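Nothing in this text is a laboratory measurement; each read-out follows from the coordinates by a stated rule. Remember, predicted model here, so these are calculated numbers, not experimental data. Positions of Cβ are backbone-derived with ideal geometry, glycine not excepted, and every protein chain shown enters the neighbour counts.
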Amino acid sequence: MGSCNPMMERVEEVKLIDAARLILKELESGNKLSAEATRILEDLGARLAVMVKIDETRDGEEDGNEELSDMKGRIDSIHDKVMTWEVGQSMIWDSGPDEAKEYLKAVDEVRRLIEILEGLNPAKNSEEHELLRKANDVLQTSMARVEEEFKHMLVHNRQNFEPERFSFRSTEEDVLDDSSRFSFGDESVDDSIQRDSISRGSEVHIMDVINPNVIPDLKNIAKLMFDSNYNNECTQAFISVRKDALDDCLYILEVEKTSIEDVLKMEWATLNSKIRRWAKALKIFVRIHLASEKSLHDQIFGQNESVASFCFAESSKASILQLLNFAEAIAVGTHQPEKLLRILDMYEVMVDVTPDIESFYPDEHGSYLRTEFQDVLTRVGDCVTATFLDFKNAVGSNVSNAAFPGGGIHHLTRYVMNYIRTLIEYSCSLNTLLKDHAEDHDQDSSSSPDTSNTFEDDGINENSCLSPMGLHFRSLMSILESNLKEKSRLYKEEALGHLFLMNNIHYMAEKVKGSELRTLLGDNWIRKHNWKFQQHAMSYERSTWSSILNLLRDDGLHHSGHSGSISRTLLKDRLQAFYTAFEEIYKSQTGWSIPNSQLCEDLRISMSLKVIQAYRTFVGRHANNISEKYIKYSADDLENFLLDLFEGSPRSLHSFHRK
């Protein structure tokens, strides 16, 4: 049937010929063609072959029958080859590269023959239609086989992960930090609270997760399956194998599948260990396993970026969600102070790998995982904030029913100071998380009204220069001081209450002075608290020694009406009263405690200068009026007795005899 517009048909034909000449010219230039261009040209060739067959069929029935006979022969030959492998038990790719190459070539040929037959639009029940059906059967059988070979090759060519190369077990055997063992009520807390040494900012490390020698074969199988429209079968086979491989990676990293309910029921010692392991495992999993997995997907499906992205997201989804599920469980758990360091470790490692997650899942296929990761990170961050604020409240509400023995450094003081000194190492994270909860002013309620501005620097408000974390730390220290002041009121002896505050405030000042807290809180804070503990030291001395020193004054020693005459009886009684008072002080205050040796030495020197000097002067001044038998202790004796004070073990002078 002729065209209704021969002129137009001729014009279109000229255009087609010109386009064909351009294609030939480009091919002759020797320029490398992209995979997409090659595929299009192959399809064009197949369609031209179909057109030729159709034209030949129209030219003569005899030629058409001859072509069909030839196609039938080829399909029968390929069928026999395919079925030969179906009978045997061995794998094609295990039989050598030549066998595999021949098999792929045969299957690709049947695929092309199907395209030619489909281009003929054969009528139902025609010979062409029957031939097309048989060709499709052969293709279906061969696709099932290459899918099996594909999975077999992926499974049996996995490269073993070598955990010792990226070991995180070395720190697992370290002594557990105090955050996992101590609470406000534990008197054994010391200075060893520390963060985990998780490396930060380490680079991505790509391993060969599949034997590189089989990558070309895997790519060829994937291309054939896609060209044959078995896209879903290929991607699902790949995803299922690689999903299992990533699950095995988590198993090697000792990340177990646990429900949120199970995590919430765990004892803290167990949970602490799991969090430490999780934080290190997340870094290794993302920086090594995910990076290597992404590389593999790009190698196999590199010609189709969208397919590679889809397969990678689906392969890794379960593993990522397993890791996030644990973090989610921690985030919804209780906000005990001992958890804060561990949760901060989780938060920081998640922040650290966020750029990797963003780069691994850049498109819509990974958007769910990107969003889920960010949501869980936000919840973990909120948990850090809530735990820190609850920690502050816990410090303020910590109640003691009895005075702390000996007036030493309260375990709450040790815990808080060691805790916040460790938190300094998380300053970047804490400043970010606490910026919306910053304190507006210094809550130093322990400062008396007339001294609160004693150490202001030129009228500058230090708070205006403090970071959000600095403001919160200053507020926390003030809360701690207020609590300590309340605890000091539990002592029956006023002097012991002052000694307690002296010890604890001195400890706070020394902790700040000897750490990064000094930079955070400033020298003004240290000067103010040095002044505070010195004030309590002086108050202790007044409370303890004022009355006893009054006994060493001459007031009231003269005979009535005789201003120059000293009553020996009054002198003896006064001296005896001094000895009795000193012995009582010795008996009680040898049981008191000043843990800091330098502070203890300074206070003893101060007492010696006041008490021993007053005693020596008093005895020397009245040597002629005091019988030797009434001198119970020499000045040197008393000075030695002062050295026994504050050792934390009560002693008595009743058994003492002068030599």
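Annotations
- Amide proton proximity set for Glu647, modelled H, under 5 Å, gap of 5+: Trp592
- The packing ranking, built from the mean of other Cβ atoms within 10 Å per residue, places the peptides 282-292, 535-545 in the order 282-292, 535-545, highest first.
- Within region 521-638: Cβ-based charge dipole about Cα centre, in debye rounded to nearest 20 (Lys, Arg +1; Asp, Glu -1): 180 debye
- Extension gain (nm, one decimal) between Asp363 and Gln336, 0.36 nm per residue minus Cα-Cα: 5.9 nm
- Remark: the His129-Asp298 segment gains 56.9 nm on full extension, using 0.36 nm per residue and subtracting the alpha carbon distance.
- Karplus 3J(HN,Hα) series, Hz, for region 582-588 with 6.51 cos²θ - 1.76 cosθ + 1.60 (x for Gly, Pro): 5, 5, 5, 4, 4, 4, 7
- Near-label residues of region 593-607 by backbone N, under 19 Å of a point 7 Å along Cα→Cβ of Lys513: 594-607
- Listed pairs Lys339/Lys392; Lys485/Lys610; Lys294/Lys317; Lys572/Lys632; Lys32/Lys294; Lys587/Lys632 exceeding 18 Å between Cα atoms: Lys485/Lys610; Lys32/Lys294
- Protection-proxy order for peptides 100-110, 412-422, 605-615, each taking the mean of Cβ atoms within 10 Å per residue, highest first: 412-422, 100-110, 605-615
- When each of the peptides 342-354, 294-306, 395-407 is scored by how many other beta carbons lie within 10 Å of its residues on average, the order from highest to lowest is 342-354, 294-306, 395-407.
- Amide H within-cut-off set for Gly408, under 5 Å, with H built and near neighbours excluded: Ser593
- Around the amide H of Ser567, modelled in the peptide plane, lie the amide H atoms of His558, His559, all under 5 Å away and 5 or more residues distant in sequence or on another chain.
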